[in-house]
Amino acid sequence: MSKLDKRDMPIYIIVLSLIFIFPLGIYYIVLKTKTHFKDLKKSAYLLNLCGCMGLCFVIVYFVINYSDYISMIDSHMSLDMYNFSFIYIYSYSLIFTISCLVGSMYLHKVCRNMTIYTEFINIRHIKDIDLIKEETGEDESTICDNINRLTTTDHLIHVKVSSNKIIFNKGEEKLLKDKFVKCKSCGNIMKLEKKNVRCDFCFRKLSIKDKI
């Protein structure tokens, strides 16, 4: 499992997994998105949309082939190639739908927890890890790891964890002033590399007006 947690997971592995073993490919996408904390909400919405489209396809395909499905159940004859293809397509679509919806729900949960981190630390300036633990349901070591990762990805700035305590250090604020914007909804901090950018956690549009 340690190899799967690497940030530099090759993109071709994800692409090949999506083509040949799509549930594994979706898992890799969720894992890579969570590792980078990048476009979490966007990926969650996308997987949710794909899951809903897959569900619609399953329902429509089932309705269109309902008579064949019933005759296939009632028939005592061996399955022909048409029936095999029916089972394959139906199962394939159903598994795709479940994989997308499960991945979407998981990313939404990660978004919720990351919003708690950024709101508590960047807006409320809370130093007590126990409050975050109570709100997220995560253990202390996980919270410390997440705070450190959010710091390295610049979603949290001038913050560090020492002896399981949150310490604020605003010494670099002047250097960061012109490069980052803060989301007013969840407190997430992001680099403003273009004219505007979407918040990774709540998907709110951020612009130069939200500059720190």
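Which of L206, L46 has the fewest other C-beta atoms within 10 Å, and how do the rest follow up to the most?
L46, L206
Can you sort E193, E119, E134 so the residue with the fewest Cβ neighbours within 10 Å comes first?
E193, E134, E119
Could you give the length gained by full extension between Y106 and K195, i.e. 0.36 nm per residue of separation minus their alpha carbon distance, to one decimal place?
29.0 nm
Using a Förster distance of 45 angstrom, determine the FRET efficiency expected from the C-beta separation of S141 and I59, and round it to 0.05.
With R0 = 45 Å, the Cβ-Cβ based efficiency is 0.55.
Going through the cross-link list K109/K133; K38/K179; K38/K127; K179/K209; K160/K182, which pairs have a Cα-Cα distance over 22 Å in this structure? Mind showing how you got there, number by number?
Working: K109/K133 15 Å; K38/K179 17 Å; K38/K127 25 Å; K179/K209 12 Å; K160/K182 18 Å.
Too far apart for the 22 Å limit: K38/K127.
Given labels modelled 7 Å from the Cα in the Cβ direction, how far is it in nm from H36 to D154?
1.4 nm
Given 0.36 nm per residue, what is the gain on full extension from Y90 to N164 after removing their alpha carbon distance, in nm?
Residue separation times 0.36 nm, minus the Cα-Cα distance, leaves 21.6 nm.
Laboratory data are not the source of any read-out in this text; all were calculated from the coordinates shown. Not measured: the values here are computed from a predicted model. Quick reminder, even Gly has a Cβ in these numbers, built from the backbone with ideal geometry, and neighbours come from all protein chains shown.
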